[in-house]
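Okay, structure first, notes after.
The values are calculated or read from the model by the stated rules, or taken from the named source; none is laboratory data. Just so it is clear, the structure is predicted and the values come from calculations on it, not from any experiment. Backbone-built Cβ (ideal geometry, glycine too); neighbour counts: all protein chains shown. The protein model used for the area step is the full one, side chains on, heavy atoms only, and it has no ligands, DNA or RNA in it. Shrake-Rupley method; radii C 1.70, N 1.55, O 1.52, S 1.80 Å.
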Amino acid sequence: MILWFGKKKKKKELEEAGKAIEDEEARAAGAETGDAEGPVPAEPAPDQPPLPSDRPGVETESAASPDFGPASPESDQAPGPLPSDRPGLETESAADEAFDAEPPAPEPSGASETEAGPAPEPDPAPEPEPETQPEPDDPVAETKKPGFLSRLTSGLSRSSSRLAEGITGVFTRRKLDDETLEELEDLLIASDLGAGVAARVTANLAKDRFDKEVSDEEIKLALAEEIAGVLAPREQLVDFADGPRPRIVLFVGVNGSGKTTTIGKIASKLKAQGAKALLVAGDTFRAAAIEQLTVWGERAGIPVLSRDTGADAAGLVYEAVEKARAENLDLVLVDTAGRLQNKSELMAELAKIIRVTRKLDPTAPHDVILVLDATVGQNALSQVEAFRHSAQVSGLVMTKLDGTAKGGVLVAIADKHDLPIHFVGVGERAEDLHPFSADAFARALVGL
């Protein structure tokens with residue numbers, strides 16, 4: 001569908017930031033509670049006698065006070081002053097009263113801290129953060145922008161006009177009988193949708209509309225729905241922010257399929273999404289491929305690693321992975337030499353590149369994207385079979401849909417191979433490489 005770099009990583013960063021805010025708020029609430037309850041422990045402990053008579057200094061004097069010597073005649077009339085009236089003890093008693101009054105003193109300050117506690121909280125400000133998500137939840141938001149369907153329809157005009165004109169010729173307000181169903185099935189096969197898909201689509205149409213009068217527009221709508229049903233399981237999101245770093249991605253395909261142009265366009269998209277990538281000119285047999293990839297790298301601001309024409313491609317890829325590790329890069333995007341699926345020696349060289357990358361990372365390559373040329377029609381099916389067997393293909397990109405009437409072959413491939421379709425190309429510009437949408441492609445293919 002689309003290589004949506006960094007979506008989960010950014011989502012994780014947002015979750016971590018939110019958790020940090022919650023922790024900070026919890027700590028602040030705990031601090032406020034501690035300030036409010038802090039003065040309570042300052043009260044005299046139960047085992048501390050509050051009376052001054054129990055204090056050591058007072059005990060000594062009170063014990064000595066009875067020994068005043070023999071009672072004088074005046075003692076009967078004017079007894080000696082009580083300890084509490086003695087000048088020396090007045091100061092001590094005042095000190096004791098001050099001592100007893102000390103614990104409650106902090107209460108006003110604690111109360112003021114509790115009352116003033118909520119005021120200095122600066123944390124509520126980040127609360128609106130969830131409203132400003134960096135990326136939409138819909139990974140195919142680009143396919144729903146105004147003008148996307150018209151651009152895709154324009155790119156598929158050759159394929160859609162062939163199919164749409166055929167449908168209009170067959171259905172001119174006539175009943176959907178056996179004869180028209182057979183004509184429709186032949187039309188779908190001729191449009192490269194494949195015999196299996198054609199038979200299944202016509203059978204499903206017959207269930208609800210057989211022997212009923214239908215128009216060409218009704219057939220187009222029903223056909224688009226059936227085709228979208230075949231393509232929908234191949235509309236999968238692949239997030240290059242997941243998995244190990246650097247993530248190693250090989251681009252494979254036959255000569256002239258558009259690999260170098262495709263890798264340049266995808267690199268531009270990834271760069272715009274924040275990825276740190278390295279382009280590898282692994283097509284060392286063709287000098288023009290090295291120059292072409294270098295131009296795409298300069299446009300996107302992405303470094304390109306290359307060697308002289310005829311150099312060992314496997315060694316170059318090994319060097320690229322080491323460089324990416326040393327520079328802490330996210331992606332290594334490798335352009336490989338075009339090779340025919342029936343040339344065993346070239347396919348063996350591709351297998352060598354895979355073996356070499358696994359010396360550095362046993363799980364590499366993490367993605368193998370097969371670039372298909374729509375102009376070859378049904379021959380694309382055999383290419384998928386061959387490359388899937390030799391290179392463990394993990395996803396597809398179909399290019400040059402604007403230059404052929406055989407775009408329906410993508411439906412046949414989706415029906416036979418459980419592989420995600422990442423992009424479809426309908427032009428030379430970087431923006432002409434569109435993320436794959438089953439509904440949009442189906443409607444464009446039938447001319448809606």
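Checked against the criterion of being open to solvent by less than 10 Å² (accessible area, probe 1.4 Å), assigned to a helix (DSSP H, G or I), out of contact with any Gly (no Cβ under 9 Å at 6 or more places or on another chain) and under 30 Å from Leu401 (Cβ atoms), the stretch 344-360 has at least one qualifying residue.
Figure legend. Inter-residue proximity from the stretch 195-208: first residues touching a residue at least 60 places away in the same chain (Cβ under 8 Å), second residues open to solvent by 40 Å² or more (accessible area, probe 1.4 Å), beta-carbon distance below 9 Å, spacing 6+ or different chains. Indicated pairs: Gly196/Asp415; Gly196/Lys416; Val197/Ile189; Val197/Glu226; Val197/Asp415.
Determine whether Val384 is open to solvent by less than 20 Å² (accessible area, probe 1.4 Å) and assigned to a strand (DSSP E or B). The answer is no for Val384. Within the stretch 225-284, can you find the residues that are part of a loop (DSSP other than H, G, I, E, B), within 21 Å of the chain's Cα centre (by Cα) and not aliphatic (A, V, I, L, M)? Scanning the stretch 225-284 gives Glu235, Gln236, Asp239, Phe240, Asp242, Gly243, Pro244, Arg245, Pro246, Gln273, Gly274, Lys276. One residue stands out among those in the stretch 190-215 that are open to solvent by less than 50 Å² (accessible area, probe 1.4 Å) and not aliphatic (A, V, I, L, M): the one that is nearest to Asp178 (Cα to Cα), which is Thr202. Of the residues making up the stretch 291-311, none is in contact with a strand residue (DSSP E or B) (Cβ under 7 Å, 6 or more places away or on another chain), more than 16 Å from Val332 (Cβ to Cβ) and aliphatic (A, V, I, L, M).
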